[in-house]
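Following: one structure in structure tokens, then a few remarks.
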Amino acid sequence: MSHAETIKIVQDALEADRDWLIQLTQDIVRIPSVNPKFTQDPEINREPDVQSHLERKLQEIGFETEQWEVQPGRPNLVGDLPGNEDRSLILNGHIDVVPIGDEAGWSVEPFGGAIKDGRLYGRGAIDMKSGVAACIAAARAIRKCGVELEGRLSIHSVVDEEAGGFGSIDAVKRGKLAKAVLVAEPTWGDVLPVEGGLEWVRVTIRGSTAHASWRYNEIFPQQLTSDRLAPGVNAIELASKFIQALQSYERDRTRARTHPLMPAGANTINIGAIRGGAGLGADGLPVTLTNPAIVPDVVVIDLNMMFLPQETSAEVRRDFEAFVHHFAQTDAWMRQHPPHVKWELGELHFPPLNTSPEHPLVASVARHKAIVGKPAQVKGFVAVCDAAHYAGAGVDGVIFGANGGGFHGVDEYVEIESMIETSKVIAASVIDWCGIRG
């Protein structure tokens, strides 16, 4: 039997048994697994129940499985079919979901798994429990058809992606690696071999506190007499200058470098949070936030800094720190009291993913997508996902998944036909990459 004939048999098996994939997706959507970092409630923080359900499915089809806690009560699940390491492949997906938001805005039960008009609804349906289910269904069809893979196939069902990817980070730290990884995040059928990196960085600007009634002593020339009060330095005013300079820096860096698979300006800097006031607390934030009678002496600015797939974190950090240094030289106070830069705020850091579009796994996914459905675009992912953490450990990766809508919003859904198609493409690419034994 030829390679192509084997793939066709496996894909036909997936089509014939499509209800299995639909049912598995419904089953795990109906188990609420809201990330407890967003909402703490044992009724909806049921990640262990999802993992136990998936572990049973993996064991039924012959996977060796392992669970361990990444954080208390939050287990990762890894399943392995042993094989050659040179052709090893990870299929990755996360089972934590974001909160449902305003339940009144939903037209269906948020964790009901309802099906109507070709869509399967529920929180996590597209982001990304259907992706996890599609990976398992692909492996099941391969096993059911008696195909023995040459390379090791692993399925990583991880937690905490929605809060930074610490499930996949922990898997990588434990050496759960392979030659390549496919992350089944929703891509609307496109093939995404690259994504930019991400840094969360905090800039702290210090001034000098004083009573606001003596502000005239700061902004109008005063005689240098022995009884003159030391003038205050308003950190919020310094921060406003910094923000203007930062916007110019952002424009310059987005115009200076591009990537052929990324939209122009993908390397943005979002000013996400600003807190200004008096006194710097042990938590790194201002202590007094609500008293305008005090000249504020501290401003803390938190930034979401994207960078391009071909850039390194070290380059980006070095360039940003140089910008902050040069900005400080424009002000007499800040030359003596430069802003402080803190990287990996919240321990969050995403390395870039920069797999070649000609990589065999990327080419396989694109080719099979064109065979079973519409041809895919090969382009970059403008957000970040767990593929980054494997890429940071030297694992080539690609992101590919189904169509849907409402993710992180109301009435989240996955298109059922797209989910089936995704599983067929994944199965074919697993066979291509891992090879057939014998």
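Where a number appears in this text, it was derived from the coordinates with a stated rule and is not lab data. Only a predicted model underlies this, so the values are computations on that prediction, with no experimental measurement involved. Cβ atoms come from the backbone with ideal geometry, glycine included; neighbour counts cover every protein chain shown.
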Rounded tilt (10° steps) of 235-256 against the dominant C-alpha axis of the chain: 40
Say the cut-off is 29 Å between C-alpha atoms; which of LYS173/LYS424; LYS57/LYS424; LYS144/LYS379; LYS8/LYS379; LYS116/LYS176; LYS241/LYS379 go over it? LYS173/LYS424; LYS144/LYS379; LYS116/LYS176; LYS241/LYS379
What is the local net charge at GLU218, summed over the other residues whose Cβ is closer than 14 Å to its Cβ (Lys, Arg +1; Asp, Glu -1)? -1
The long-range amide H neighbours of GLU412, using H built 1.01 Å from N in the peptide plane and a cut-off of under 5 Å, are GLY122
Along the charge dipole of region 197-349, Cβ charges K/R +1 and D/E -1, which of ALA266, VAL299, TYR216 sits furthest on the positive end? TYR216
Can you give the Rg to Rh ratio of region 197-349, both from alpha-carbon atoms, with Rh computed by the Kirkwood formula? 1.05
Qualifying GluC sites (Glu not before Pro) in region 187-221, DSSP loop, other Cβ atoms within 10 Å at most 11: none
Take every DSSP beta bridge whose two residues both sit in the chain, then give the antiparallel share in percent to the nearest 5. 75
What angle do you read, to the nearest 10 degrees and between 0 and 90, between the alpha-carbon axis of helix 18-29 and the longest principal axis of the chain? 30
Using a Förster radius of 51 Å, what is the FRET efficiency between ARG257 and ILE219 based on their Cβ-Cβ separation? Nearest 0.05, please. 0.80
Pick from ALA139, ALA13, ALA383: which residue has the top mean-square fluctuation in a GNM of the chain where Cα pairs under 10 Å get a spring? ALA383
Taking 0.36 nm per residue of separation and subtracting the Cα-Cα distance, what length does fully extending GLN59 through ILE294 add? 78.2 nm
Using only Cα atoms, tell me the angle between helix 313-328 and the longest principal axis of the chain; keep it within 0 to 90° and round to the nearest 10. 20
Lys, Arg +1 and Asp, Glu -1 on Cβ, resulting dipole of region 197-349 about Cα centre, debye, nearest 20: 260
Can you list the residues, at least 5 places off or on another chain, whose amide H is less than 5 Å from the amide H of SER88, using H built in the peptide plane? ARG152, LYS179
I want to verify a result. In a Gaussian network model of the chain, Cα cutoff 10 Å, which of these has the top mean-square fluctuation: SER248, SER33, SER418? SER248
Just in region 338-438: which trypsin sites (Lys or Arg not before Pro) are loop by DSSP and have at most 14 other Cβ atoms within 10 Å? ARG437
Do any GluC sites (Glu not before Pro) in region 330-438 lie in a loop, going by DSSP, with at most 14 other beta-carbon atoms within 10 Å of their beta carbon, and if so which? GLU344, GLU358
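Provide the packing ranking of 185-194, 224-233, i.e. peptides ordered by the mean count of other C-beta atoms within 10 Å per residue, highest first.
Highest-to-lowest ranking by the protection proxy: 185-194, 224-233.
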Net charge near ILE420 (other residues with Cβ under 14 Å of its Cβ; Lys, Arg +1; Asp, Glu -1) is -2
Beta bridges by DSSP in region 23-161, antiparallel share as percent, to the nearest 5: 65
Taking N as the residue count of the chain, its alpha carbon Rg divided by 2.2 N^0.38 Å gives 1.16
Theoretical ellipticity at 222 nm over the chain - DSSP helices of four or more residues, -39500 (n - 2.57) apiece, nearest 500: -10500 deg cm²/dmol
